[in-house]
């Protein structure tokens, strides 16, 4: 078990529907990190931007992006997480991949497809949450629009870290800021939100606002707004344990179950 977890938050612009260039850009950014890192967090659809043109840019689990993530994880002895467009069984998924340093992959398909943008017309929704056990930490990774649905993220499995990877537009960024902090407080967990910056081909502007909150809602980062940035944040397991033992709020949570397809 590892008491501290060093997370690299990659707030980046994305080249529209250009997986190869995006991988080159992220490789350069990752190579610029000189500190020891346990986990690299990339935005949602980090190889393409938030596109509905899945037919042209989707990959398979045997494709180049999955291979790239495995190489990055192995070379840097770190885990890496982000979402990509995956074609599987003739269906498209906005799929989050958590790649361990040894190459093991755990996956989560976005549950709440963004109907306002027609995501539900292109991508199949996932049905199960994911809890990753990594270096003694329990991590729950989710995707963008999932942030608006607290029941889906409710901490019934005692995870330590909640992660959201996103393409969250500037026009609704106040909701992003508010809900990230709320998820940390209500679940008594660290909450890490990684959003992109820049302008996409649909003329949607993204202002970043990536952030890391502790279990009582204190912000731990000082990531610049609207600019590309790499932030290294250290999470401490004793912080989670101390406040949960002291306050005991999770002991009073409501009991409920979600119907999930196995």
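What follows is calculated from the coordinates using simple rules that are stated; it is not laboratory data. In this text the structure is predicted, and so the values were computed from the model without any measurement. Cβ sites come from the backbone with ideal geometry, for glycine too, and all protein chains shown count toward neighbours.
For segment 151-169, which residues satisfy the criterion of being touching a residue at least 40 places away in the same chain (Cβ under 8 Å) and either touching a helix residue (DSSP H, G or I) at 6+ places or on another chain (Cβ under 8 Å) or buried (at least 18 other Cβ atoms within 10 Å of the Cβ) (or both)? Spell out how you get there, then give the answer.
Applying the first criterion (touching a residue at least 40 places away in the same chain (Cβ under 8 Å)) to segment 151-169 yields 151-152, 154-156, 158, 160-161, 163, 165-168.
Of everything in segment 151-169, those that are touching a residue at least 40 places away in the same chain (Cβ under 8 Å) and either touching a helix residue (DSSP H, G or I) at 6+ places or on another chain (Cβ under 8 Å) or buried (at least 18 other Cβ atoms within 10 Å of the Cβ) (or both) turn out to be 152, 154, 155, 158, 160, 161, 163, 165, 166, 167, 168.
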What is the number of the single condition among (1) out of contact with any strand residue (DSSP E or B) (no Cβ under 8 Å at 6 or more places or on another chain); (2) closer than 27 Å to residue 227 by Cα that residue 56 does not meet?
-> (2)
Given the conditions (1) in contact (Cβ under 8 Å) with a residue 40 or more places away in the chain; (2) over 17 Å from residue 181 (Cα atoms); (3) assigned to a helix (DSSP H, G or I), every one holds for residue 250 apart from (2)
What helices (runs of 4 or more DSSP H) lie completely within segment 116-191 and have 3 or more residues being within 15 Å of the chain's Cα centre (by Cα)?
-> 173-187
Residue 217 versus (1) outside any loop (DSSP other than H, G, I, E, B); (2) surrounded by 14 or more Cβ atoms within 10 Å (Cβ to Cβ): which is the lone unmet condition?
-> (1)
Having 3 or more residues that are surrounded by 20 or more Cβ atoms within 10 Å (Cβ to Cβ) and without any contact (Cβ under 8 Å) to a residue 60 or more places away in the chain is the bar; report the strands (runs of 3 or more DSSP E) wholly within segment 1-90 that clear it.
-> 79-88
